[in-house]
Amino acid sequence: MMASCPRSWSPFRRHFDMRSRVLILSCCRQQYSTRTMSISTARLCKPPPRNTMRLSRVWAPLATLLGLSSVVRGLAVPAPQIRSLSINRPKPGLEPPEFAFAFDIDGVLLHEKKALPGAAQTLQYLHDHSIPFIFLTNSGGKHEHERVKELSEKLGVNFTVDNFVQSHTPFKALVHGEHGLENKTVLVTGADASKCRDIAEEYGFRNVITPGDILVAHPEAWPFDALLDTVYKDVARPLPKPLWAPGQPLEDSLKIDAIMVMHDPRDWAWEIQLFTDLLQSHDGILGTYSDRNGDPDLPNHGWQQDGQPKVYFSNSDLYWVTDFPLRRFGQGAFQHAFAGVWERITGGEHELERELYGKPYGVTYQYAEDMLRKFRLDMLTNMGHDELGDLKRVYMVGDNPDSDIAGANNHVSKYGTKWSSILVGTGVWNEQRDGMRKLIGDREPTAIQANVLEAVRWGLDNEGWKHHL
Ligand code: G3P
Ligand code: MG
């Protein structure tokens, strides 16, 4: 006898849930699963997900006809266990949380390519209980989509770019607006400079060149560069204008309007040479030398006082952690090397002027908070919450006192949201090696916890959130 719905007596619709490998019976109002026979209202009458369709269209009716549903389960090809962050329904009586979390990635959720214990469980819990969170990392060098895909695979949870901020994401705000760089010439670099070009173009910058483009066009600018043949030749593009040469009109020469360090450069020597050439130039025209340099009558002794390009750094971290027993240099080490050479060039008369992004800087925390607020609004509204209340508190979970903790402690939210900082011992800061001596002033965290799971438990307890994480 064909099973039917106890309420409407209409025949059940059947489909396989590949993930749970369970035959799902649904009808016009209710849904029953063979595993729990529990009642859930969420997916009434929605078509079964694409990959189950394929199987159920072929197998389910046959299985039911032959009463072989259990056999079908055995046949199902297990789909990868990535659990999707689909929309939850508000649990009755559960007020939308007025708090949220912000997660650093390296040293908190991942060690380079490996997920840290408790990371996936913690994020899945926050999702299942509709507690908003955002990823706020100083790493970069890949487009947000690519990073989010990798993170989802490493943690086995599907994330989106809607709550993901990496070191150069806030550079998007430099494309348009009064000092917009959309149609200016921007020089970008990173571990893979040509990849950084792709990202910058995706952000909307139209004239993007790399140090490799210049070196391939003018190898004499840095003779004997080993990377010339091995790295640059294959990815370099022709320069939009020739390099200036004596007698050539300035307006016909290559002019750089901004330098963007989007990720950790690899060719420090050539790039420090190139960037200091540009900072000594007239108006960013490479190959020229400003006659204001070193002029004591001018501000900053005339250094960087002649229309030279601004230098944007997306991350000032000196260290980050990998599986190597000692901490590794981050983009901040390159910045210090660059600033050191500049100080030598200017005879210490002038410190390198630069635009600093990434944690701990306010511009990045405010960018992340704006994105978190929008993500929270969208998520809770989609869930059917209409009374949202304001986002009152954010818990920043990080492994680096200089960036994660100092940034959250110093962040002054334009909405009055209170940011707390939770330091974990799974990354840059190591209690055995560093102890507490560095955790003073704005490096003093609100709390110290062993790992991300404990950090979130601490935050939830602090909120009086009944949980069984
Ligand atoms: O600066 C290195 C960078 O990889 C750190 O990343 O996620 O710890 O901010 P994160
Ligand atoms: Mg970190």
Please indicate, with yes or no, whether at least one residue in the range 106-115 is modelled with pLDDT of 55 or more and more than 16 Å from ligand 2 (Cβ to nearest atom).
no
Any hit, the range 324-340, residues being more than 16 Å from ligand 2 (Cβ to nearest atom) and aromatic (Phe, Trp, Tyr)
yes
Go through the residues of the range 289-310 one by one and say whether even a single one is under 28 Å from the mean Cα position of the chain (by Cα) and either open to solvent by 20 Å² or more (accessible area, probe 1.4 Å) or away from ligand 1 (no atom under 16 Å from the Cβ) (or both).
yes
Considering (1) farther than 20 Å from Asp267 by Cα; (2) open to solvent by 10 Å² or more (accessible area, probe 1.4 Å), say which one Gly358 fails and leave the rest.
(2)
Can you tell which of Gly389, Gly427, Gly347, Gly358 is in contact with a Gly (Cβ under 6 Å, 6 or more places away or on another chain) and in contact (Cβ under 8 Å) with a residue 24 or more places away in the chain?
Gly427
Of everything in the range 312-323, what is more than 15 Å from ligand 2 (Cβ to nearest atom) and among the hydrophobic types (A, V, I, L, M, F, W, C)? Give them in sequence order.
Phe313
Residues of the range 153-197 being out of contact with any helix residue (DSSP H, G or I) (no Cβ under 8 Å at 6 or more places or on another chain), under 24 Å from Tyr365 (Cα atoms) and crowded, with 18+ Cβ neighbours inside 10 Å, in sequence order, are Leu174, Cys196
Consider the range 366-390. How many of its residues are open to solvent by less than 60 Å² (accessible area, probe 1.4 Å) and either outside any helix (DSSP H, G or I) or not assigned by TED's automatic domain parsing to the domain that holds Ile134 (or both)?
5
Which one of these does Tyr125 not meet: (1) in the same structural domain as Trp458 (by TED's automatic domain parsing); (2) modelled with pLDDT under 95; (3) over 25 Å from Leu326 (Cα atoms); (4) open to solvent by 70 Å² or more (accessible area, probe 1.4 Å)?
(4)
Mind checking which residues of the range 96-118 are part of a strand (DSSP E or B), under 13 Å from Ala455 (Cα atoms) and away from ligand 1 (no atom under 13 Å from the Cβ)?
Ala100, Phe101
Only one of (1) open to solvent by 50 Å² or more (accessible area, probe 1.4 Å); (2) touching a His at 6+ places or on another chain (Cβ under 8 Å) does not apply to Leu460, and that is (1)
Quick check on my filter: what residues within the range 219-265 are in a loop (DSSP other than H, G, I, E, B) and open to solvent by 70 Å² or more (accessible area, probe 1.4 Å)?
Trp222, Phe224, Ala226, Arg237, Pro238, Pro240, Lys241, Pro242, Trp244, Pro246, Gly247
In the range 391-406, residues that are more than 10 Å from ligand 2 (Cβ to nearest atom) and under 16 Å from the mean Cα position of the chain (by Cα) total 1
If a residue has to be touching a residue at least 40 places away in the same chain (Cβ under 8 Å), assigned to a loop (DSSP other than H, G, I, E, B) and open to solvent by 20 Å² or more (accessible area, probe 1.4 Å) to count, how many in the range 323-344 make the cut?
2
Tell me which residues, restricted to the range 130-152, are in contact (Cβ under 8 Å) with a residue 12 or more places away in the chain, away from ligand 1 (no atom under 16 Å from the Cβ) and open to solvent by 40 Å² or more (accessible area, probe 1.4 Å).
His145
So is Asp442 within 16 Å of ligand 1 (Cβ to nearest atom), open to solvent by 40 Å² or more (accessible area, probe 1.4 Å) and not assigned by TED's automatic domain parsing to the domain that holds Gln331 or not?
no
Across the range 396-418, what is the number of residues that are within 16 Å of ligand 1 (Cβ to nearest atom) and either under 12 Å from Phe101 (Cα atoms) or charged (D, E, K, R) (or both)?
7
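The values are calculated or read from the model by the stated rules, or taken from the named source; none is laboratory data. Predicted, not measured: the structure shown is a model, and the values here were computed from it. We place every Cβ from the backbone using ideal geometry, glycine too, and count neighbours over all the protein chains shown. In case anyone asks, the SASA skips ligands and DNA or RNA and just uses the protein heavy atoms, side chains included. Shrake-Rupley method; radii C 1.70, N 1.55, O 1.52, S 1.80 Å.
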